[in-house]
1. Within the stretch 55-106, considering only strands (runs of 3 or more DSSP E) that don't extend past its boundaries, which have at least 1 residues that are aromatic (Phe, Trp, Tyr)?
2. Suppose we keep only residues that are hydrophobic (A, V, I, L, M, F, W, C) and open to solvent by 50 Å² or more (accessible area, probe 1.4 Å) within the stretch 119-128. Which one would you say is modelled with the lowest pLDDT?
3. What's the total number of residues in the stretch 22-47 that are within 9 Å of ligand 1 (Cβ to nearest atom) and either under 13 Å from residue 139 (Cβ atoms) or touching a Lys or Arg at 6+ places or on another chain (Cβ under 6 Å) (or both)?
4. Contact list please: Cβ distance under 6 Å, first residue in the stretch 6-21 and within 12 Å of residue 82 (Cβ to Cβ), second residue more than 16 Å from ligand 2 (Cβ to nearest atom) and at pLDDT below 95, pairs at least six apart or on different chains.
5. With the requirement that a residue be over 20 Å from residue 20 (Cα atoms) and either modelled with pLDDT under 90 or surrounded by 17 or more Cβ atoms within 10 Å (Cβ to Cβ) (or both), what does the stretch 131-145 give you?
6. Quick one: in the stretch 1-48, which of the residues that are among the acidic types (Asp, Glu), open to solvent by 30 Å² or more (accessible area, probe 1.4 Å) and over 21 Å from residue 95 (Cβ atoms) is farthest from the chain's Cα centre (by Cα)?
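The values are calculated or read from the model by the stated rules, or taken from the named source; none is laboratory data. Since we're looking at a predicted model, the values are computed, not measured. Glycine gets a Cβ as well: all are built from the backbone with ideal geometry, and neighbour counts include every protein chain shown. Heavy atoms of the whole protein, side chains included, go into the accessibility calculation; ligands, DNA and RNA do not. Shrake-Rupley method; radii C 1.70, N 1.55, O 1.52, S 1.80 Å.
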Amino acid sequence: MLSVRITAACGFPGFSSEAAILNYYRSDSSLGIHVDESELDHSRPLLSLSFGQSAIFLLGGPQRQDPPTAMFMHSGDVMLMSGPSRLLYHAVPRILPAPPQLATCLEELSCALALQVGSVLEPVSEEDWDVCSRYIQSSRVNMTVRQVLGPGQIFPLQTDDKHRMVECHDDANSGKRKRTCSDPVGTIDT
Ligand SMILES: O=C(O)CCC(=O)C(=O)O
Ligand SMILES: [Fe+2]
């Protein structure tokens, strides 16, 4: 829901967040140069959310050898790769300590979270918040959210643990997801 709101605010209504990759970085981690091109519709943006320690982000050009621009990626930064930047080469060569305000900010957020019930943000338990905030005071977490399907495409059939083909669809009456077996022994609520 948050990614749908952010992408809409950036001019991409109807974004469908179908996959996400979580990248965990310790202080000596890096991510090599690459392009994110496995999604089928490159007209849809790629959303990147950063938490915890800072990073140097290198944004290159359409060719691997194009000279990159270096920028900081701090906790809370949101980046949208869209249009001409959607298929640019990029890399994360270095993790850096977060500015000292991060700790204060996490403290303040921990108080504010109690007020977020019913909003696009969901409250977390104090225990979970403590674990996560301790973790990101020494590490960086980056999440990229992607729309992977092209217009009119659906996810392929899945195979369940009994090796029968199953098809997922939303049941209009119950609002639940149902799996229908191609060897129809019944319909399973999930
Ligand atoms: O960690 C980042 O900021 C970049 C992550 C990224 O490029 C990716 O997951 O494809
Ligand atoms: Fe990437």
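1. Result: 69-73.
2. Residue satisfying both the conditions and the ranking: 121.
3. Residues that pass the stated criteria total 4.
4. Pairs found: 7/15; 15/4.
5. Hit for the stretch 131-145 is 133, nothing else.
6. 37
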